[in-house]
1. Just name the residue that is nearest to Trp31 (Cα to Cα) out of those in the range 128-169 that are open to solvent by 90 Å² or more (accessible area, probe 1.4 Å) and in a strand (DSSP E or B).
2. Return the pair list, or none, for Cβ contacts closer than 9 Å from residues in the range 96-119 that are more than 16 Å from Leu133 (Cβ to Cβ) and of a type in the set (A, V, I, L, M, F, W, C) to residues that are open to solvent by 50 Å² or more (accessible area, probe 1.4 Å) and in a loop (DSSP other than H, G, I, E, B), at least 6 apart or on different chains.
3. Suppose the filter is out of contact with any helix residue (DSSP H, G or I) (no Cβ under 6 Å at 6 or more places or on another chain) and exposed (fewer than 15 other Cβ atoms within 10 Å of the Cβ); does Asp88 pass it?
4. With the structure loaded, tell me whether Ile125 is within 24 Å of Tyr63 (Cα to Cα) and surrounded by 14 or more Cβ atoms within 10 Å (Cβ to Cβ) or whether it fails that test.
Amino acid sequence: RYVSRGVAQSDGVALQAYIEPSYGIFYGGVWASTVDLDPDDVEFNLYLGIRPQFGDLSLDLGYVRYLYDSTGDCCGEIYAKANYAFTDTFSAGAELYFDPEFDTTYGALVTEIGLPYDFTLSGGIGTWFEDDLDWNVGLSYTFEEILTLDVRYHDSDHSPARFVASLSF
């Protein structure tokens, strides 16, 4: 299942893939996912940005454009993300997304805790800066830096709660 900002974008299994070439701190990419958003079946994201690092502080500044197979060009967002590694096993950060076309802003606080035996506990809380909140918490296991299984609980003020399991290569 594909859940974005607390809202399900698919009713069942979602297949997702991306390619992201980079050079130094510069990157660009294409991400795609199956969706169940009538009349759309596929979402495409085109994005580019920079990822500078200053010691334990990592930044990610960029732009993403959302496209759909049937309805076409949707919208785009400018984003800024900051993450600070307090220790080798604990990091926390903030993310801010702004859509200049629709004058909307979304923000999130995120954290990640490395656990023994290649497990990671992570979560986040986000808002559109109105009366709504969405949040998630999950546990993931990475095998040989190749395969990651993530089990996550999502909830929000505007969508039913759900568990989502994902497998990444």
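The values are calculated or read from the model by the stated rules, or taken from the named source; none is laboratory data. Note that the coordinates shown come from a computational prediction; the quantities given were computed from them, not determined experimentally. So basically every Cβ, Gly included, is an ideal-geometry build from the backbone, and we count neighbours across all protein chains shown. With ligands, DNA and RNA removed, areas are computed over all heavy atoms of the protein, side chains included. Shrake-Rupley method; radii C 1.70, N 1.55, O 1.52, S 1.80 Å.
1. Across the range 128-169, the extreme among qualifying residues is Leu167.
2. Cβ pairs passing all conditions: Ile113/Thr89; Leu115/Thr89.
3. Yes; evaluated as a whole, the condition is true for this residue.
4. Judged against the criteria, Ile125 is a match.
Residues are listed down the side, and each one gets a yes or a no for (1) open to solvent by less than 40 Å² (accessible area, probe 1.4 Å); (2) closer than 27 Å to Val13 by Cα:
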| residue | (1), (2) |
| --- | --- |
| Asp40 | yes, yes |
| Val64 | yes, yes |
| Tyr84 | no, no |
| Glu112 | no, yes |
